[in-house]
Amino acid sequence: RIRNGVFVNWQPNQIVEFFCGEEFVRCRIKKINCYSSFAEMLKTEGYKPCLPDIRSLDEGIRIYNNIPGYADKAKRFGVLAIHIELVE
């Protein structure tokens with residue numbers, strides 16, 4: 001995620017909800033790591049945990065940077081790797 005908006009205030013152990021299909025999924029934030037770019041995030045976190053269906057680091061960087069506005073926002077605000085776990 002881009003490090004702006006509501007994501008700036010997220011903290012470890014916080015419960016958050018994501019909309020998935022037609023239902024909400026509750027998750028607990030395990031940890032949050034900050035990076036200056038998607039390239040740095042993917043190199044450090046590994047591209048497979050972030051984008052499991054891709055084949056290379058370069059492909060992952062390209063995917064994130066091709067999301068409209070993401071490359072500019074990443075330079076401006078930074079990037080977050082948010083580690084979550086499903087809450088039953």
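The values are calculated or read from the model by the stated rules, or taken from the named source; none is laboratory data. All of these numbers come straight from a predicted model, not from anything done at the bench. Here Cβ is always computed from backbone atoms with ideal geometry, including for glycine, and neighbour counts include all displayed protein chains. Surface accessibility is based on the protein's heavy atoms, side chains included, excluding ligands, DNA and RNA. Shrake-Rupley method; radii C 1.70, N 1.55, O 1.52, S 1.80 Å.
Observations
- Solvent-accessible area per residue for the chain (1.4 angstrom probe, square angstrom): 70 Å²
- Percent carbon-and-sulfur accessible area, the chain, ignoring ligands, DNA and RNA, probe 1.4 Å: 49 percent
- Between the beta carbons of K75 and K31, assuming R0 = 22 Å, the FRET efficiency works out to 0.40 to the nearest 0.05.
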